[in-house]
1. Any idea how many residues of segment 243-264 are surrounded by fewer than 17 Cβ atoms within 10 Å (Cβ to Cβ) and not basic (K, R)?
2. Considering only segment 89-105, state which residues are surrounded by 10 or more Cβ atoms within 10 Å (Cβ to Cβ) and free of Cβ contacts under 8 Å to residues at least 24 places away in the same chain.
3. Scanning for something among the aromatic types (F, W, Y), modelled with pLDDT under 95 and in a strand (DSSP E or B), does segment 90-99 turn up at least one residue?
4. Tell me which residues, restricted to segment 283-322, are assigned to a loop (DSSP other than H, G, I, E, B), surrounded by 12 or more Cβ atoms within 10 Å (Cβ to Cβ) and small (G, A, S).
5. Got at least one residue in segment 85-103 being within 16 Å of the ligand (Cβ to nearest atom), of a type in the set (V, I, T) and under 17 Å from the mean Cα position of the chain (by Cα)?
6. Going through segment 107-157 one residue at a time, which ones are assigned to a loop (DSSP other than H, G, I, E, B) and either more than 12 Å from the ligand (Cβ to nearest atom) or crowded, with 23+ Cβ neighbours inside 10 Å (or both)?
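The values are calculated or read from the model by the stated rules, or taken from the named source; none is laboratory data. Just so you know, these numbers come straight off a predicted model, no measurement behind them. Note that each Cβ is placed from the backbone with ideal geometry, even for glycine, and that neighbours are counted across all protein chains shown.
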Amino acid sequence: MSLPRFALDLLALPPEASSVSKGIDALHATVISISLVGALGVALLVARYVIANRQRGTNEVTPRIESSPKREIALGTAIFALFAAFWVVGFRQYVRIESPPDDCMTVYVTAKQWMWELAYDDGTSEQNLLVVPVGKAVKLVMTSRDVIHSFYVPAFRLKQDVLPGRYVTLWFQATELGDFDIFCAEYCGTSHSNMHGIVRVVSASDFDAWKARARSTLPDTASLANRGAAIAARKQCFACHSVDGSAKSGPSWRNLYGSTQMMRDGRQVRADEAYLAKSILDPNADRVAGYANEMPSYTGILDADEVSALVAYVRSLRKGEP
Ligand code: CUA
């Protein structure tokens, strides 16, 4: 269900341009409409009782009015059921927003005072411009170089805080062609309000043409994964991690991405981008069962771009990944 134009204008909402926009607007509009009807009903009842029960004589005693418990329980239950229904719909939307599909295109986002840097798997990168094909699921793997920022695309109805020292993900599927604003929605310093970018949603063929053009300025070996492999060699990662599945003092990177790992405290954790990045920055936090606490933290040693490149490299070591 899509909101009519006048309703979008009335609520000052931008166009609905992602796969979740319409559902979120529908819930938003339903909650607002029911609240308005409820408030109007209460106001009318107040007016009615003010008039009906106005003081008529100076010696009149206010009558004691008892309500029926049955009615009170019925009213309470009905209102609770209504709010529970809002919650059920909202929770299902939340789960959908939190669960990226498996065949996402990945873009690495680094926020810094005061711009957005977007890096693609093939080694190309942009500032403040995120180009994506329409209808394709895109997963953003995001971190900040300095303070807390918040990645906000109003037309997609999506917002996610971006934190230094941590990697968070957000996925979306654009449904409309065009340019849409990216705002920073967390006050991050003097130029916070200028921290603005564009999501450019283009057709699949335009996207391929744009990619080819951007890539033509780079050498063939410039992919993010290749950069990650070079960083891994330089930082001696291979002393402890194999890439062919053989055993070393740390888990092998072969087929690690996307697998489910058992932690030493018994938790099961899926090795996604956020997990891989966290394990580089804080290796002991989610340590795989059977491995010693030997790996040093790379916080402050690797910058955000290098961590993204390493994550892209580990990802490329899974069967079926580009
Ligand atoms: Cu970045 Cu506000």
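1. 12
2. Hits for segment 89-105 are F91, R92, Y94, E98.
3. no
4. Correct list: S297 only.
5. no
6. Within segment 107-157, D121, D122, G123, T124, V134, G135, K136, R157 qualify.
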